[in-house]
Structure formats: structure tokens, C-alpha cells
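Working notes for the structure below.
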Amino acid sequence: MRKIALQLYTVRETLKKDFVGTLAQVARIGYTGVELAGDMGGHSARELRRILDDLGIRMISGHVGMDALGGGLEKLLEDYAMLGAGYVGVAWMPESYRSETGWLRAGRLMEQAALQAQKHDLVFHYHNHAFEFERLPNGKYAFDQLFDNTDPALLKSQLDVYWVKKGGEDPVAYIKKLSGRVPLIHLKDMSADPSHTFEIVGEGILDFDAVFAAGDASGVDWYIVEQDKCPKGELESARRSYQNIVARGWLG
């Protein structure tokens, strides 16, 4: 059976109103894991771990900023280890790194962070958006500039299939290209209308049969539902995405 988690950014406004209650609702939907977007709702890592254990869901991953890689990362890694996570990574690249040399510099920083993370039994990853699929002056995608020039044993990909598609590339091809290096996949669908905006998983145009097949063959550990904007409200969108995954046989 495939492991399906929810990125808590999906329900960020609902969490602000009732952090623990929202986690409980996520667990009731059927998600067995969650990914943290940074905010622990005022709880310590130890307290949040106890809450998650009581609800029967796992913290699988979380995001840190590039600014933390220059200092302050150790405390974050300690927190994620306390939470029981297996992964941690960067989900946004500041403009100052978005050049040929900047991506190389970012790669070195993330490799160093990965070595630091390994001491806490954490795997380090980078989460893409669409701008990584813009050409650099050398003709390469920024995404390839990063991953072609970093150690596959250190930096992994948390591939977001919507953003790969939005960037003009085939997410299935990139899953295969990254085989063995993509332990986490972000699932969000794309609307069929000309805006190609965010859609509930299973209700848009992405071929998730192919995504799951390629992901399984490439060694994906967790599939993570994420909605940057929720078409039907936060919890309802999370619920319908999970229900569609079950109904289409994608749970495995």
C-alpha cells in the first residue's frame, strides 16, 4: 500500500484556528502522515510528537529556508528528529541564487546541510516550483543545473508534479530521470481550463496512473498531497483528494 501524506500548508488557515483539531481531522480523512510547512502551532517538537503519536499519524518531512543553511540549522534538525521525521529540505530558492553560479552555490550549501542532516538520520531534499524549468544562459534548466552538479547520495528531490507540468515539462519523465533520487513526490492536480491553476487530485489533467507507476519504480517512499490554493476549501479539498486517491485505486 502506498503511503499518502498531507502537506500542512494545504490547511494553513484552518490550523491557525485550531491546530490540534485540524490535525485530528486530517487523520480522520485517512492520511497517515503529514509534512510541516514550518509552523508547529506554538508547540515544542516534543509536544507535537506526542500529539501526532496520539492521533496515529507521522511527521514525515518539513521545510527550512535557505537562510537557515548558513546558521541555525542544527536546532531545526534536532526538532525534526524529535518529531520522528525522515526528511527535511528547502522548498523555495531566493532570487539571489537563481543564476548559473548561484544554483551551484546553493547546491554546495544543500550538500553541506545534507551531511549535517545525516547525523540526525534525516535525508535532505529540494522541492521545485516552475521557475526551475526556465533556461539559464548555458542552455540548461535551473533544475538540471542543481541536480546534475550535486551528489545524488546527498541531495534528493521532492518533486512537485504540478510545478514540473506548469514549467512545461513532463513530470513522469523527470520521475524516471531522478530514479533512486526522488523519495518524496508532491501531488497536486492541474485544471483543464486555460489558467491551468490548482485542482483537487484526480479532478484535473495530470496522469496520476503514470505518476504512481513511475514513482513506485523509482523508489518513492511517500506521496504528499498539497494544495497551494484550495478549490473547495482547505479540509474539503484535502478530503476529496484523498477520496479520489482511494476511489481510483491509487492507494495501491
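The values are calculated or read from the model by the stated rules, or taken from the named source; none is laboratory data. If you're wondering where the values come from, they're calculated on a predicted model, not measured in any experiment. Cβ coordinates were reconstructed from backbone atoms using ideal geometry, including for glycine residues, and neighbour counts include every protein chain displayed.
Does the range 48-69 contain any residue that is polar (S, T, N, Q), modelled with pLDDT of 95 or more and more than 27 Å from D144 (Cα to Cα)?
The answer is no, given that none of the residues of the range 48-69 is polar (S, T, N, Q), modelled with pLDDT of 95 or more and more than 27 Å from D144 (Cα to Cα).
Quick one: in the range 129-148, which of the residues that are of a type in the set (D, E, K, R) and more than 19 Å from S179 (Cα to Cα) is surrounded by the most Cβ atoms within 10 Å (Cβ to Cβ)? Full working, then the answer.
Step one: list which residues in the range 129-148 are of a type in the set (D, E, K, R), which gives 132, 134-135, 140, 144, 148.
Now narrow it down to the ones that are more than 19 Å from S179 (Cα to Cα): 134-135, 140.
Details: E134: 12, R135: 11, K140: 15.
Filtering first and then ranking leaves K140.
So, in the range 229-250, exactly how many residues are in a loop (DSSP other than H, G, I, E, B) and over 26 Å from W92 (Cα atoms)? Working first, answer last.
Of all residues in the range 229-250, those in a loop (DSSP other than H, G, I, E, B) come to 229-233, 248-250.
Then drop every residue that is not over 26 Å from W92 (Cα atoms), which leaves 248-250.
The qualifying residues number 3.
I need the helices (runs of 4 or more DSSP H) fully contained in the range 1-77, keeping only those with at least 3 residues that are touching a Leu at 6+ places or on another chain (Cβ under 6 Å) and under 24 Å from V246 (Cβ atoms). Before you say what the answer is, go through the steps one by one.
On the way: elements: 12-17, 19-29, 45-55.
Helices (runs of 4 or more DSSP H) meeting the threshold: 19-29.
Scan the range 99-112 and give yes if some residue there is of a type in the set (A, V, I, L, M), surrounded by 22 or more Cβ atoms within 10 Å (Cβ to Cβ), in contact with a helix residue (DSSP H, G or I) (Cβ under 6 Å, 6 or more places away or on another chain) and in a helix (DSSP H, G or I), otherwise no.
Within the range 99-112, one or more residues are of a type in the set (A, V, I, L, M), surrounded by 22 or more Cβ atoms within 10 Å (Cβ to Cβ), in contact with a helix residue (DSSP H, G or I) (Cβ under 6 Å, 6 or more places away or on another chain) and in a helix (DSSP H, G or I).
Tell me which residues, restricted to the range 1-18, are closer than 23 Å to H127 by Cβ and out of contact with any helix residue (DSSP H, G or I) (no Cβ under 8 Å at 6 or more places or on another chain).
Selection gives K3, A5, Q7, Y9, K16.
Would you confirm whether or not the range 114-128 contains a residue that is under 19 Å from the mean Cα position of the chain (by Cα), charged (D, E, K, R), surrounded by fewer than 17 Cβ atoms within 10 Å (Cβ to Cβ) and under 16 Å from K156 (Cα atoms)?
yes
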